[in-house]
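Worksheet: one structure, shown below.
Nothing in this text is a laboratory measurement; each read-out follows from the coordinates by a stated rule. The model shown is predicted, which means the values in this text are computed figures rather than measured ones.
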Amino acid sequence: TQLLEQSPQFLSIQEGENLTVYCNSSSVFSSLQWYRQEPGEGPVLLVTVVTGGEVKKLKRLTFQFGDARKDSSLHITAAQPGDTGLYLCAGQETSGSRLTFGEGTQLTVNP
Amino acid sequence: ETGVTQTPRHLVMGMTNKKSLKCEQHLGHNAMYWYKQSAKKPLELMFVYNFKEQTENNSVPSRFSPECPNSSHLFLHLHTLQPEDSALYLCASSQVGGAVYEQYFGPGTRLTVT
């Protein structure tokens, strides 16, 4: 089983600040997905990155897939309280359809 | 209804009870999954069904019994659970067969075993 490590585990910032969340592995993934989960709800898919070096933007969120497809980052610009939630990365294993999830980064954006 | 739905949203049961969790996907996908999410742990994959056939069982205790009557519906039958089974149980679906498998999750069932 491939492993994914997310950092930091917890992040508390003020509204308007920028932040980056990291997702790292020693294994190669076919694709990598980012989810956001709010309390009492299921994870919601934000983006999927497939190609090494790929960068995708979703409003104030920028996602990057590492050149070797082993790591990824999520950068949020000018964070807002509505960005608060648990951010999960999930790598699609090269052997099939299984997703390996990181432990998540709990982000709190204070007004 | 759109996406993936789960019922009930909350469930409290005693250790001797029998209950079932239900999941339905309205996305036309051909694979469905059960996950367990406990505090401070990564999502744990429990079962995978592709085209109604169970393709994965990650050493889940027999007190959890899945059922997939068709590609849109998935059940998790529960009996003689333990307090440590209290968690958020998430259902997901995806379309397998292509190169990229994106999973879409339901809202989950918050289970408390007393």
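Based on C-alpha pairs under 8 angstrom that are at least 6 apart in sequence, chain B has a relative contact order of 36 percent. Within a straight-line Cα-Cα reach of under 30 Å, B:K18 can be paired with the following lysines, leaving aside sequence neighbours fewer than 8 residues apart in one chain: B:K36, B:K40, B:K41, B:K52. Each principal axis of the Cα atoms in the protein assembly as shown has its own extent, and those three values, largest first, are 49, 40, 34 angstrom. Is region A:51-111 best put as rounded, prolate or oblate by its Cα gyration tensor, with a ≥ b ≥ c the root eigenvalues, rounded for a/c under 1.5, and otherwise prolate when a/b is larger than b/c, oblate when not? Since a/c reaches 1.5 but b/c is at least a/b, the shape of region A:51-111 is classed as oblate. Over the C-alpha atoms of region B:1-62, the Rg to Rh ratio, Rh being the Kirkwood estimate, stands at 0.98. Rounded, prolate or oblate: which fits chain A, taking a ≥ b ≥ c as square roots of the Cα gyration tensor eigenvalues, rounded meaning a/c under 1.5, else prolate when a/b beats b/c? Here chain A falls in the prolate category.
Note: relative contact order over chain A, using C-alpha pairs below 8 Å and six or more positions apart, is 37 percent.
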